[in-house]
1. Considering segment B:140-166 alone, what residues qualify as being in a loop (DSSP other than H, G, I, E, B) and either at pLDDT 80 or above or buried (at least 24 other Cβ atoms within 10 Å of the Cβ) (or both)?
2. From the list B:ALA208, B:ALA176, pick out the single residue that is away from chain C (no Cβ under 11 Å), buried (at least 23 other Cβ atoms within 10 Å of the Cβ) and modelled with pLDDT of 90 or more.
3. Can you work out which of the residues in segment A:81-102 that are small (Gly, Ala, Ser) and more than 25 Å from A:ILE27 (Cβ to Cβ) is modelled with the lowest pLDDT?
4. Which residue pairs have Cβ atoms closer than 8 Å, lie 6 or more positions apart in sequence or on different chains, and pair a first residue in segment A:11-27 that is among the polar types (S, T, N, Q) with a second residue that is part of a helix (DSSP H, G or I)?
5. Within segment B:55-70, is there a residue that is within 26 Å of the chain's Cα centre (by Cα), within 14 Å of chain C (Cβ to nearest Cβ), crowded, with 19+ Cβ neighbours inside 10 Å and over 29 Å from B:LEU268 (Cα atoms)?
6. Would you mind listing the helices (runs of 4 or more DSSP H) fully within segment B:240-329 where at least 2 residues are under 21 Å from the mean Cα position of the chain (by Cα), at pLDDT 90 or above and farther than 24 Å from B:ASP67 by Cβ?
7. Identify, please: which residue in segment A:136-169 is in a helix (DSSP H, G or I), under 21 Å from C:VAL63 (Cα atoms) and more than 7 Å from chain C (Cβ to nearest Cβ) and is, among those, modelled with the highest pLDDT?
8. Assuming B:VAL17 fulfils every condition listed in (1) over 22 Å from the mean Cα position of the chain (by Cα); (2) at pLDDT 85 or above apart from one, which condition is it?
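The values are calculated or read from the model by the stated rules, or taken from the named source; none is laboratory data. Since the structure is predicted, the reported quantities are computational estimates derived from the model, not experimental observations. Neighbour counts run over all protein chains shown; Cβ positions are idealised from the backbone, glycine included.
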Amino acid sequence: MELLIFYPIAALAVVLALFVVFNKSPIGSAVSLIGLMLCLAGVFIGLSAHFVAILQVIIYAGAIMVLFMFVIMLLNLKDDDNVIWKSREGNTLLTVLTGFLVLGILYKIISITLSADSSKPAKIMESFGTTAEVGKSLFTTYVLPFEVASILLLVAMVGALVLAKTKID
Amino acid sequence: MIDSVIDFLAPYTFLIVGAVKAVIIAIGLLSSVPLLVWLERRLMGRFQVRLGPNRVGPFGLGQPFADSLKLLFKESIVQNSADKFLFYLAPAVVVFTAIVTFSLIPFGKPFEIFDQKIGMWVANVNVGILFVFAISSMGIYGIVLAGLSSNNKYSLMGGLRSSAQMISYELTLGLAALGVIMITGSLNLQEIVDAQKTVPNILLQPLAFVLFYIAGVAETNRAPFDLPEAEQELVAGFHTEYSGMKFAMFFMGEYINMITMSALITLLFLGGWHSYIIPVPDLLFIGPLLVFSVKVFILLCILIWLRSTFPRIRYDRLMTFGWKILVPLAMLNLMVTSVFIVIF
Amino acid sequence: MRNDPNMSEYFFIAVFAVVALVVVAGILILSAVLGPKNPSPQKTVPYECGIIPTEEAKGRYPVRFATIAMLFIIFDIEVVFMYPWAVALDQLGFFGLIEMFLFIFILGIAYVYIWGRGGLEWD
């Protein structure tokens, strides 16, 4: 039953991810990416992680993708027919390294998944994934990362302003 | 044979009941849109010392139906340089998100009939109000895509402006709702209403109510924040290139959003289906539903009243008002409320 | 499947969404079928108050909008952090209050900086 919901959503997510990469027009890519985010939210709901699912929609699909759309609108990236993409010389090493990094992460995820005993699923509490539960653990166990995140946001905000503000003083 | 079918289906009765309920609520919501259009045109007529539509049917009630039939038979022009798929997708996104948002809105007390407990809502999830915000924030893409796909200067500019306005006021909306959530300690809309049995939240959170209402008007793109339709500057904003039924769909979305927003304000601040001072009997589900509808109706009338009273605000003022006044005020309200909650 | 009572609620939302989808598709298809189709060169040109457009909707737009979008992301993350806090506030008590005030204070610095630098101005 669970898999009956998971597989269609996961398949759709993979198809949309391919669309993001192979779509010629930037708008099409962005729209597919929004769809992909919504699919991920669906997967989270299937795992009873309601709050995380909502975050996925509000932050990724709702806020970050709006910025993508704005940039597309501002630059008028209608189609890329006359733009030839080629990687810069210096980027090759970086690309290969990133590829290895991703492969490593995938290997770790798969090995953890395979080593888990799926016949005896871990007991989870009744209130798992609810907002109150997230709040309790975020503000007691993980309070330091939370406060550090505020400094990260501060830096991001200042950075955004410095980058975008053309006539500084 | 039939018995075995019934036995097989028995555990799933609630699923069938819920699905039927969802369809009924969808039909109810969609049929209330023409009524709201009629209400707006009649009220606007009165505000402007004229009659408004009164020829088609009793009190002119047939007017919106006649209009929508007419629009259905209009040619819908898609200009050549437009991105065809996205051009069709944009109004669809607007209406779809508007309808789906309403599925999280409870509008009455649950009641029991034939041993079935029936709630007056489509769905009741524990992240309630956040889900409403999440889906309604997806509605922005309808406007963005309309602006992007039309390949028209006015559309692009209008789309940019409207979406920037909507994201700016979304912040205030979220912050203002936090005060209420703190008082209740739950995101579930039904629990928020139940917590207001004796005192509606508007008395505890007057500032949050005002902020939420202003942000709500801006979110639904209604006057005086109807910058998307600033016809003097932008022809018709993001829907300049739209005609026929696709044009009407943007307005359908707007009217559904008006209903949803009014319902949300009623739930958060006005005590939902609880009636104060005047006692109202339950009568299965009719009493609470009536109380709720009356409150929503009054809020809708105020929205229309605002439209015919205030001139449109200038765009730079709109943005600075949102970022420099509403956001700090909402933050202040939040901090004061949290101190009160912890101390008492 | 885990016995999560919320799952059936999501099923109802899905039913509602299907109805919405049918309505939307129905309107689009009906209007496409019923409406007349007489395209002409004049009709299929972007509207520009009667003037034939000489170029596509090109040109660059103020970067202000992108700044607003970036600030929105950051503030949105901040607001979303506050939701679990608001729900669990009565259990977190005084300690939770101090944590959040510290958080708001740090972001307040950023807000004041942006205001002072003219990031919220619309000129």
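1. B:SER150, B:ASN152
2. None of the other options fit; the residue is B:ALA208.
3. Filtering first and then ranking leaves A:GLY90.
4. A:ASN23/A:SER29; A:ASN23/A:SER32
5. Taking every residue of segment B:55-70 in turn, none turns out to be within 26 Å of the chain's Cα centre (by Cα), within 14 Å of chain C (Cβ to nearest Cβ), crowded, with 19+ Cβ neighbours inside 10 Å and over 29 Å from B:LEU268 (Cα atoms).
6. Helices (runs of 4 or more DSSP H) meeting the threshold: B:244-269, B:286-309.
7. The qualifying residue modelled with the highest pLDDT is A:VAL155.
8. Failed condition: (2).
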